[in-house]
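Here is the structure we will look at, set down as structure tokens.
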Amino acid sequence: MERLKDKVAIVTGSTSGIGVGIAKLFAAEGAKVVICGRREAKGQAVVDSIAAEGGEAWYHFMDITATESIEQLFADTVEKFGKIDILVNNAANVGLKDGRVDELSLEMWDAVFQSDVRGTFYATKCVLPYMQKNETGGSIINIGSMASCGGDLGSTAYACAKAGVDMLTQSTALQYGKDNIRCNCVRPGLIVTPENEAYVPQALKDIFLSNIMVNRYGCPADIGHMCVYLASDESAYVTGQIVNVDGGLNSHVSTVAQFKELNSRTW
């Protein structure tokens, strides 16, 4: 359990949901983890939970929409721990019901892009100088979304924003590979968390489960395990990749669910 021993990791948006799952697995693998978000009480609870398991974590306030807050996070982390090895850009505004093109206001569009693309971009921009000072470089992991895999009936702004994260990932990997800085993107499928479980309608769960190949929904640890690999030296030759962690949701043609209901392989 020392795959991340002596590494310092920042996980944005780690006061709840997927971020907590990532942070706890990082700590279990020996990393010093910075828990950050806007909810101090929840963040401190995550820190306490990690400490109870023998890990090391520290809470720092961060608002992904405020540039000064992002800058302060990195400066204070380096002051406390001396370096930054890993950044997970997880904080985002999940606007799954933001609407169709004709329904979206510019204000809604801008709000989603500010947190999901602008925030991810600026956090990446800010961490690069610190990672360039490391002899071993660093690993940046962006949390994308299956929403960027294809068009949908709604969630237009969110899908477009996450598609932007995909391209930011590849551009960062290309431009900073020479500094031994890797950048990859993890696209979760339907991840059921303690925070969203009560709000995900059963009908929606059924639709997803009919298309998921492994007969269960995802959980935060599923994303966390992939992030541990991408943060560790085991993935030293992996960069610029966009990895789906979705139980096979996006691995098949769109008619599979209907044919499964017919117990048929073809028409």
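Meeting the requirement of 3 or more residues that are over 29 Å from ASP6 (Cβ atoms), the helices (runs of 4 or more DSSP H) wholly within the range 165-266 are 202-211, 256-261. Name the residue that is farthest from ASP233 (Cα to Cα), counting only residues in the range 173-200 that are modelled with pLDDT under 90 and acidic (Asp, Glu). If we take residues in the range 173-200 being modelled with pLDDT under 90 and acidic (Asp, Glu), then GLU197 is farthest from ASP233 (Cα to Cα). Condition check for VAL200 on (1) touching a residue at least 12 places away in the same chain (Cβ under 8 Å); (2) over 16 Å from THR120 (Cβ atoms); (3) aliphatic (A, V, I, L, M): one failure, at (1). Here ILE70 passes the criteria (1) within 22 Å of ASN184 (Cα to Cα); (2) in contact with a strand residue (DSSP E or B) (Cβ under 8 Å, 6 or more places away or on another chain) except the one numbered (2).
Take the residues in the range 81-114 that are surrounded by 21 or more Cβ atoms within 10 Å (Cβ to Cβ) and not aliphatic (A, V, I, L, M), then tell me which one is modelled with the lowest pLDDT. Looking at residues that are surrounded by 21 or more Cβ atoms within 10 Å (Cβ to Cβ) and not aliphatic (A, V, I, L, M), I get GLY95.
For the range 1-34, the candidate set comprises residues that are free of Cβ contacts under 8 Å to residues at least 60 places away in the same chain and acidic (Asp, Glu); within that set, the residue that is farthest from VAL127 (Cα to Cα) is GLU2.
Does GLN170 qualify as being surrounded by fewer than 22 Cβ atoms within 10 Å (Cβ to Cβ), touching a strand residue (DSSP E or B) at 6+ places or on another chain (Cβ under 6 Å) and touching a residue at least 40 places away in the same chain (Cβ under 8 Å)? Judged against the criteria, GLN170 is not a match.
Conditions tested, residue by residue: (1) modelled with pLDDT of 95 or more; (2) surrounded by 17 or more Cβ atoms within 10 Å (Cβ to Cβ); (3) in contact with an Asp or Glu (Cβ under 9 Å, 6 or more places away or on another chain).
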{"residue": "ASP206", "(1), (2), (3)": "no, no, no"}
{"residue": "ASN211", "(1), (2), (3)": "no, yes, no"}
{"residue": "VAL214", "(1), (2), (3)": "no, no, no"}
{"residue": "HIS225", "(1), (2), (3)": "yes, no, no"}
{"residue": "VAL228", "(1), (2), (3)": "yes, yes, yes"}
{"residue": "GLU234", "(1), (2), (3)": "yes, no, no"}
{"residue": "GLY240", "(1), (2), (3)": "yes, no, no"}
{"residue": "ASN244", "(1), (2), (3)": "yes, yes, no"}
{"residue": "GLY247", "(1), (2), (3)": "no, yes, yes"}
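Condition check: polar (S, T, N, Q), in contact with a Pro (Cβ under 9 Å, 6 or more places away or on another chain) and modelled with pLDDT under 95. Does SER16 satisfy that?
yes
GLN44 - would you say it is more than 30 Å from LEU153 (Cβ to Cβ), surrounded by fewer than 22 Cβ atoms within 10 Å (Cβ to Cβ), in contact with a Phe, Trp or Tyr (Cβ under 6 Å, 6 or more places away or on another chain) and at pLDDT 95 or above? In short, yes.
The values are calculated or read from the model by the stated rules, or taken from the named source; none is laboratory data. The structure presented is a predicted model; accordingly, all values stated were derived computationally and were not measured. Glycine gets a Cβ as well: all are built from the backbone with ideal geometry, and neighbour counts include every protein chain shown.
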